[in-house]
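What follows is a single structure, written as structure tokens, with notes after it.
The values are calculated or read from the model by the stated rules, or taken from the named source; none is laboratory data. As the structure is a computational prediction, the values presented were derived from the model and not from experiment. Neighbour counts are summed over all protein chains in view; Cβ atoms, including those assigned to glycine, are modelled from backbone coordinates with ideal geometry. Remember, those area values only see protein heavy atoms, side chains included, never the ligands or the DNA or RNA. Shrake-Rupley method; radii C 1.70, N 1.55, O 1.52, S 1.80 Å.
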Amino acid sequence: MAAPIVDIHTHVYTPAYLDMLRARKKVPYVHDPANDADSRLIILASDDDAGTPLDQRGRPVDASYSDIEVKLAFMRKHGITTSVISLANPWLDFLEVDDAQVWSEKINNDLEDTCATVNKNSGSTSDVKPLYAFGALPLSAPNPSVIVNEIKRLKTLAHMRGVIMGTSGLGKGLDDPNLDPVWASLEETQTLLFLHPHYGLPDEAFGGPEVTQRYGHVLPLALGFPLETTIAVTRMLLSGVFDRFPNIKILLAHSGGALPFLAGRIESCIAHERKFVANGGSTQGPVRDVWTVLNTNIYLDAVVYGEAGLKAAIHAAGGHERLLFGTDNPFFPPLSEEDATWPSVTTNYKAIEGTLSTDKEAVNAVLGGNAIRILNLN
Ligand code: URA
Ligand code: ZN
């Protein structure tokens, strides 16, 4: 029997979530054109250009974002045996204080029900079932205790294997000391956090809004996303999160952005300034070094579309055992109807096979074995 292939980076917008976005008029929102054209998903700040007609803003959002049958067909087409689905960005970050708890419970219960139904109907006799999920957190809730309660509740749902979160935390980034109860709860419950970008970099980093618009989503997605992740994790490192919570487990999207490539430089800069003494500062710097954190707290997905990035990821993570296959479905669909498979997926397969080709066991580990072990899928 072929070795299992597990996709740990694959998103959904549940039907209820899309309806909630339909009722909104500011980012994030969904716009339904008057004609029969696909709805438009306007989720990035750069999508909402007042000079672009509403019917063309953002990107088309079709059934692949919300219909689990379409996800299952995508899995069959690409030989994926198991998916760990997660709500896509921007999750519940934007909700009003009073709405966060209700919505996170609703979304997480819907995800759990979807997994249970799909697995039951699959007739699968394997220990590893077709569908699991990462839960979403009520980060805008009035008190971190609401978030902690949801982390604990997720542990009672059979198909949940962790949580997904963006880089804004409670609104002030991931080095915010007010997040400590959340880190403590993730550590205590040994809940894996899938850390994923959404906000990118300010348009000014690319030359201003006009430049960002000119090149569609390329600058925000190719550079903004990975750098956002890199900055977020570096701020966690600098603020001592990994010293205070040495057993937290974090899976970084897109192979950690630029973190594997920059880890040496980050560590060197910290080493030269461990107490941040410049400008009269006296803040204690991190005690555990970047490499130790990468080898004990961090897992990386293999969504990097090239061998150079994958080699850096494997090296930084201390081996292929901490790398997990993903697709980022349904983002990056094929551009032509003739494509039998999605180039965004086959590029990742090729990079993994090209990088680890001589070691079939390592290929199978990255494609599925690591996820099964790390996420307790059996
Ligand atoms: N674009 C997004 O907005 N999210 C992803 O996860 C990938 C691409
Ligand atoms: Zn993603």
Which pairs have Cβ atoms under 8 Å, sit 6 or more apart or on different chains, and link a residue in the stretch 72-95 that is touching a residue at least 60 places away in the same chain (Cβ under 8 Å) and at positive phi to one that is β-branched (V, I, T) and assigned to a loop (DSSP other than H, G, I, E, B)?
G79/I5
If you go through the stretch 315-362 one residue at a time, how many are away from ligand 1 (no atom under 16 Å from the Cβ) and either part of a helix (DSSP H, G or I) or aromatic (F, W, Y) (or both)?
17
When only residues in the stretch 85-105 that are open to solvent by 70 Å² or more (accessible area, probe 1.4 Å) and part of a helix (DSSP H, G or I) count, which is farthest from ligand 2 (Cβ to nearest atom)?
D98
For Y305, which of the numbered conditions (1) away from ligand 1 (no atom under 15 Å from the Cβ); (2) modelled with pLDDT of 95 or more; (3) surrounded by fewer than 22 Cβ atoms within 10 Å (Cβ to Cβ); (4) not in a helix (DSSP H, G or I) fails to hold?
(1)
Flag for V146 being of a type in the set (V, I, T), touching a residue at least 24 places away in the same chain (Cβ under 8 Å) and within 16 Å of ligand 2 (Cβ to nearest atom):
no
Being within 16 Å of ligand 1 (Cβ to nearest atom), within 20 Å of G326 (Cβ to Cβ) and hydroxyl-bearing (S, T, Y) narrows it down to one residue among S168, S86; which is it?
S86
Of all residues making up the stretch 2-25, the number that are in a helix (DSSP H, G or I) and either touching a residue at least 24 places away in the same chain (Cβ under 8 Å) or farther than 20 Å from A136 by Cα (or both):
5
Go through (1) surrounded by fewer than 15 Cβ atoms within 10 Å (Cβ to Cβ); (2) within 16 Å of ligand 1 (Cβ to nearest atom) one by one and return the number of the condition Y65 breaks.
(1)
So which of A312, A371 is more than 16 Å from ligand 2 (Cβ to nearest atom), crowded, with 17+ Cβ neighbours inside 10 Å and either part of a loop (DSSP other than H, G, I, E, B) or at negative phi (or both)?
A312
Can A45 be described as more than 16 Å from ligand 1 (Cβ to nearest atom), surrounded by fewer than 20 Cβ atoms within 10 Å (Cβ to Cβ), closer than 30 Å to R214 by Cα and of a type outside the set (D, E)?
no
Quick check on my filter: what residues within the stretch 340-368 are small (G, A, S), surrounded by fewer than 18 Cβ atoms within 10 Å (Cβ to Cβ) and closer than 16 Å to D7 by Cα?
S344
Over the stretch 188-217, the set of residues within 16 Å of ligand 2 (Cβ to nearest atom) and at negative phi is L192, L193, F194, L195, H196, P197, H198, Y199, H217
